[in-house]
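Data first, discussion second: the structure below is written as structure tokens.
The numbers here are math on the coordinates, done by the rules we state, and not lab data. These figures come from a predicted structure and were not determined experimentally. Glycine gets a Cβ as well: all are built from the backbone with ideal geometry, and neighbour counts include every protein chain shown.
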């Protein structure tokens, strides 16, 4: 069963940042969709909690050089 969560993303300044964060999240196993908003400074992520944890989503965004919370 899929879940949707909102991840706050700090440090995004342009469309390239949005692409980076989207790519990092969608590359994770279990993530079906990531919609990243530069204006809101957040990502809405649809994922399978049996395959990936919310902590892993935050870790991936942090590893990409942004601040996730």
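Points worth noting:
- Selection within the range 1-20 - assigned to a helix (DSSP H, G or I) and out of contact with any strand residue (DSSP E or B) (no Cβ under 7 Å at 6 or more places or on another chain): 15, 16, 17, 19, 20
- Evaluating residue 44 against the criteria (1) out of contact with any helix residue (DSSP H, G or I) (no Cβ under 9 Å at 6 or more places or on another chain); (2) touching a residue at least 60 places away in the same chain (Cβ under 8 Å) leaves one unmet condition, (2).
- The range 21-41, subset in a helix (DSSP H, G or I) and touching a helix residue (DSSP H, G or I) at 6+ places or on another chain (Cβ under 7 Å), residue surrounded by the fewest Cβ atoms within 10 Å (Cβ to Cβ): 24
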